[in-house]
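Here it is, the structure in full.
The values are calculated or read from the model by the stated rules, or taken from the named source; none is laboratory data. Quantities reported herein were computed from a predicted structural model and do not represent experimental measurements. Here the Cβ positions follow ideal geometry from the backbone for every residue, glycine too, while neighbour counts run over all protein chains shown. Protein only, heavy atoms only, side chains kept; ligands, DNA and RNA dropped before computing areas. Shrake-Rupley method; radii C 1.70, N 1.55, O 1.52, S 1.80 Å.
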Amino acid sequence: MKGPLRGGIFSRHVKRHPGLVPLIGFIGVGLGSAVLYLVRLALYSPDVSWDRKNNPEPWNKLSPTDQYKFLAVSTDYKNLKKERPSF
């Protein structure tokens, strides 16, 4: 590709249209937060099993006081009792 690089085209376009700067910023923040949320789901969710040999069912090792939801509005996890069998 001859001529200016894509970065040069992008910077010239943003200099000509300064109203695009907030739009690009909000899109960047949105993409970044979506990636961080997906990483959080992949690492801390009991539904995901990365090691099937040593931990085939990670949801059975959770105690009732473990909070794995992102936001728990009305549940106090410290006062829950274990009402399920141990496997």
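Read phi for every residue in segment 19-25 and hand back ³J(HN,Hα) as whole Hz from Karplus 6.51 cos²θ - 1.76 cosθ + 1.60, θ = phi - 60°, with x for Gly and Pro.
Here the 3J(HN,Hα) series is x, 7, 4, x, 4, 5, x Hz.
How far apart, in nm, are the 7 Å Cα→Cβ label points at Asn60 and Val29?
The two pseudo-label positions are separated by 4.5 nm.
Still on this structure, please answer the following. Grab the beta carbon distance between Tyr37 and His13, set R0 = 30 Å, and tell me the FRET efficiency rounded to 0.05.
So, using R0 = 30 Å, E works out to roughly 0.50.
Give me the 1.4 Å probe accessible area per residue for segment 20-65, excluding ligands and nucleic acids, in Å².
On the way: 3780 Å² over 46 residues.
Using a 1.4 Å probe on heavy atoms only, each residue of segment 20-65 averages 82 Å².
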